[in-house]
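First up is the structure itself, then whatever we jot down about it.
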Amino acid sequence: MPCKSPSLERVTEKSEKAKKQIEQLNKQLSDLENSAKEKFEKKIKEHSEKANVYDFRQLIFNSAIKTEYSHEFSLDKIAPVISAALEAVSQSLTGGVMQILTSPKAVSSYSDLVLSISEAAKSTSSASNSLSFSANRIAPGVFAFLSANSISIKDKDTFGEEAVTATSIFYSLNNSIEDLKQSTSFELAYLNAELMLKFKNIQIGNTDDLSKGLITIAVWNEKYLLIEEIMKNIRERLDNSTFKDIIARSKDEDVDIDSTLFNTSKNRLILEQSVLQFENRGSLYKGALENAKTMLNNPLF
């Protein structure tokens, strides 16, 4: 069932034209569901082969569509569904794993992961567009797979200056007895490290969009502050020394983390180009310029 953000809900309640356009947008995503699901399952298989895990059993699969203005960045309606899914899955697992899976930190991390995937799918920048699929071990023997696709419409008369984006999210939780036997310990720090990098990449992608005139400075500011708040919470779960240790181990074959996220060369180039653009745009872009320079000096943590 597609869900709409509160601000978009108010628009569709007042305008039959807006309501029909949103319904059409959601239908377009629904029509693509079968092919998108096939691609999602192919990605899961590829990850299985790469991780040498061949006994995946799907515990739950679900999909959702969220429709919102492009600047909006919320899990208000999806987060409770995610928490309920984790709770339901945990009942079929052993006690220790159940406690990890339903802990507030695990639920918070997984919800942030869903948000990062859905927001990345909305970006046109190369810094974040590649993040629309994610595979993570969230507990010993339990893997979360997520994928998102987005389409947008822009109708100034109906919705104002901003585009409306519908995002289709697939999520699947799978378990593996093989992995459970091999996992002597599970560190949520790895998930939080990936989350930090993904949100940082989204932030850089938004800066790229701003430098190209694809979003306004007001939208950029709002997204920047929201992401900073999310990353502040992640930093509280992940101290700097732990993050540095993960960076040092990111290329180890036995570490289940996407090492490509630590490659900063492309993001540095994006930020350098953005800085050059902002330096010629006057005082309105002073904050964006300073933040771009800060990210350029430290594109990871």
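The values are calculated or read from the model by the stated rules, or taken from the named source; none is laboratory data. Predicted model only: the values in this text are computed from it and were never measured. Backbone-built Cβ (ideal geometry, glycine too); neighbour counts: all protein chains shown. Keep in mind that these areas ignore ligands, DNA and RNA; they rest on the heavy atoms of the full protein, side chains included. Shrake-Rupley method; radii C 1.70, N 1.55, O 1.52, S 1.80 Å.
How do the pairs read when you match residues in segment 5-30 that are without any contact (Cβ under 8 Å) to a residue 60 or more places away in the chain with residues anywhere that are assigned to a helix (DSSP H, G or I) and of a type outside the set (Val, Ile, Thr), using Cβ under 6 Å and keeping only pairs 6 or more apart or on different chains?
Thr12/Ala18; Thr12/Lys19
Restricting segment 248-270 to residues that are open to solvent by less than 40 Å² (accessible area, probe 1.4 Å) and out of contact with any Pro (no Cβ under 7 Å at 6 or more places or on another chain), which is modelled with the highest pLDDT?
Ile270
So which of Val97, Val53 ends up being of a type in the set (Val, Ile, Thr) and at pLDDT 65 or above?
Val53
Just a yes or no: is a residue in segment 101-117 polar (S, T, N, Q), at pLDDT 80 or above and buried (at least 22 other Cβ atoms within 10 Å of the Cβ)? Reasoning before the result, please.
Kept after step one, since they are polar (S, T, N, Q), are these residues of segment 101-117: 102-103, 108-109, 111, 116.
Still in the list and also at pLDDT 80 or above: none.
No, that holds for no residue.
Could we say that Asn221 is out of contact with any helix residue (DSSP H, G or I) (no Cβ under 6 Å at 6 or more places or on another chain), closer than 20 Å to Ile246 by Cβ and modelled with pLDDT of 85 or more here? Steps first, please.
Working: out of contact with any helix residue (DSSP H, G or I) (no Cβ under 6 Å at 6 or more places or on another chain): yes; closer than 20 Å to Ile246 by Cβ: no; modelled with pLDDT of 85 or more: yes.
In short, no.
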